[in-house]
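Here the structure comes first, spelled out in structure tokens, and everything after it is commentary.
The values are calculated or read from the model by the stated rules, or taken from the named source; none is laboratory data. In this text the structure is predicted, and so the values were computed from the model without any measurement. Ideal geometry is used to build each Cβ from the backbone, glycine not excepted, and the neighbour counts take in all protein chains shown. Heads up: the accessible areas ignore ligands, DNA and RNA and are worked out on the full protein's heavy atoms, side chains in. Shrake-Rupley method; radii C 1.70, N 1.55, O 1.52, S 1.80 Å.
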Amino acid sequence: MIESLQLETSPIPIGLLPDTARVNGGSLTIAGCSLEDLTTEFGTPLYVYDEMTLRREAQQTLRAFSPLGARVSFAGKACGALDILRVFREEGLDLDVVSAGELEAGIRAGFLPSQLHLHGNCKSDEELNRATHLGIHAIVVDNCEELQRLSTIAHGGRRTGPSVQVRLQLPLEAETHPHLRTAGCRSKFGVALEDLDEMLSGTAARSGLQINGVHAHLGSQIGDAAIYGRAASQLIEIARTLKERGFPCREASIGGGWRVAYSPRDRALAPSEVAQEVRLPFAKEQWLRPAVEPGRALVARAALALYRVGSVKRYGRRRIVAVDGGMGDNPRPALYGSAYHAIVPARILEEPVGEADVVGRYCESGDVLASDVGLPPVAAGELVCVPVSGAYQLSMASSYNLVPQPAVVMVRDGNARVILRRGTMNDLFTRETSPR
Ligand SMILES: Cc1ncc(COP(=O)(O)O)c(C=O)c1O
């Protein structure tokens with residue numbers, strides 16, 4: 001019997017779990033699949049994505065922004081697995097890409113070129129060429145030199161010029177980890193507002209390219225909805241200036257970056273809260289289409305990472321729980337000090353018996369997946385699960401220490417299918433020119 005109600009009264013925060021999380025016989029299940037059974041079949045570490053949560057997040061985001069007539073894209077950097085991109089394509093999202101590799105992923109996942117736009121602060125000629133050749137929705141140009149190169153590439157090939165947007169360095173400093181902040185002065189991204197005039201009258205005027213959009217992305221894990229309203233107002237002003245100077249500016253993107261909750265202490269920002277802030281500034285500007293490109297908010301809560309416990313060390317009341325994954329599949333705690341939660345899925349209804357650090361298997365002291373989390377009793381051989389593992393983990397994963405990368409399954413209606421197979425020993429040596 002599925003004890004769905006018990007989850008609401010369990011000590012674990014339900015808001016960190018996928019929508020299909022239930023309790024069966026005292027253990028956590030996702031989409032009707034027992035986590036223990038999944039790891040028996042597919043091994044550990046294992047990433048489990050819940051298809052229904054992905055679809056619901058996409059639908060909720062579209063519902064929030066559709067009344068504004070906005071273009072809604074998924075920022076593919078958050079998770080580029082093809083089957084996840086396909087889910088978002090089916091739900092009607094466009095795709096934001098940041099390299100030729102992500103561009104290729106978008107095409108393989110079935111997106112039309114007109115559904116793709118390309119970012120990047122240092123794109124190669126090859127990337128600009130490919131995007132121009134495909135005729136994507138927009139190339140978001142980061143700087144004058146890039147605009148110049150793009151002009152040469154576009155005209156050298158005698159192609160119709162690509163559609164170009166300008167990434168702007170808005171003077172807005174979002175409250176978030178400094179490594180997640182991508183606007184404000186001294187940011188490496190975008191054109192500073194004081195340089196815009198020179199760019200428009202110089203390179204842009206000579207380039208023969210149509211600048212038909214403006215773009216900003218303030219950063220990631222932003223919890224203040226009001227800053228998106230301020231970004232919208234600033235972008236609209238700049239778009240108006242572009243229009244007055246003869247550039248056919250029709251789209252303004254406020255980027256993505258709204259916050260998700262990783263631990264019980266965090267509060268997520270709902271897409272409707274962001275939409276509410278940008279609705280008013282855009283309401284009076286029918287000539288300008290808003291655009292958004294969230295990544296994390298669409299995928300983070302949809303996935304759990306499952307690890308097998310190798311050992312439990314005790315220092316007084318404190319436990320150090322070592323698991324068979326870590327910074328190889330999730331470098332975020334080491335990179336940004338990100339605070340995750342952890343759960344023992346087979347003891348989901350049990351109260352914590354004290355705090356523990358869940359540490360990884362990699363040869364780095366910074367390889368700590370979750371610190372100071374209340375855990376029930378847990379022993380070697382049991383499963384530990386890290387919720388909210390769907391964003392920027394697999395896309396940043398490495399084979400550090402020559403450890404193969406984890407398998408990824410997608411679950412739906414009691415069935416699981418592998419969408420990324422487990423890395424193998426051979427995978428580790430595929431790039432060696434003398435593997436033996
Ligand atoms: C240009 C751009 N757009 C969108 C995003 C997505 O941000 P998030 O995943 O926090 O929503 C990023 C993330 O780095 C980005 O650089």
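General observations
- Cα gyration tensor shape of the stretch 32-93, rounded if a/c is under 1.5, else prolate or oblate by comparing a/b with b/c: prolate
- Taking the charge dipole of the stretch 36-97 about its Cα centre, with +1 at Lys and Arg Cβ atoms and -1 at Asp and Glu Cβ atoms, the residue from S66, V87, T39 reaching farthest to the positive side is S66.
- Ranking V403, L193, P333 by Cα position along the charge dipole of the chain, where only Lys, Arg, Asp and Glu carry charges on their C-beta atoms, puts L193 farthest toward the positive end.
- Among N426, N24, N212: highest mean-square fluctuation, GNM of the chain, C-alpha pairs under 10 Å: N426
- Each of A183, P171, T203 was scored by the projection of its Cα onto the charge dipole of the stretch 133-204, and the greatest displacement toward the positive side belongs to T203; charges sit on the C-beta of Lys, Arg, Asp and Glu.
- For the chain: rounded, prolate or oblate by the Cα gyration tensor [a/c cutoff 1.5]: prolate
- Probing with 1.4 Å while keeping every protein chain in the model, the per residue accessible area of the chain equals 43 Å².
- Distance between the stretch 136-197 and the stretch 279-354 - C-alpha centres, whole angstrom: 31
- Distance in nm between pseudo-label sites at R417 and S114 (7 Å out along the Cβ direction from Cα): 2.8
- Most fluctuating residue given options L112, L62, L103, as computed from a GNM of the chain linking Cα atoms under 10 Å: L112
- Calculated FRET efficiency for the pair S201/E175, C-beta based, R₀ 41 Å, to 0.05: 0.70
- Length gained on full extension, A226 to N401, computed as 0.36 nm times the residue gap minus the Cα-Cα distance: 58.7 nm.
- What the Cβ-Cβ distance of L280 and T241 gives, at R0 = 35 Å and to the nearest 0.05, is a FRET efficiency of 0.95.
- For the stretch 115-221, applying the loop criterion from DSSP together with a ceiling of 14 other beta carbons within 10 Å to the trypsin sites (Lys or Arg not before Pro) yields R158, R159, R186, K188.
- Carbon + sulfur, % of accessible area of the chain - ligands and nucleic acids excluded, 1.4 Å: 50
- Test item: Cα-centred dipole of the chain, Lys/Arg +1 and Asp/Glu -1 on Cβ, debye: 440
- Number of Lys-Lys pairs in the chain with C-alpha atoms under 21 Å apart and a separation of 8 or more places or on different chains: 4.
- Whether the stretch 145-301 is rounded, prolate or oblate, judged on the alpha carbon gyration tensor where a/c under 1.5 counts as rounded: prolate
- Only helices enter the 222 nm calculation for the chain: every DSSP H run of n ≥ 4 contributes -39,500 (n - 2.57), and dividing by all residues gives -8000 deg cm²/dmol, rounded to 500.
- Note on R63 and V312: the extension gain reaches 85.1 nm, defined as 0.36 nm multiplied by sequence separation minus the Cα-Cα distance.
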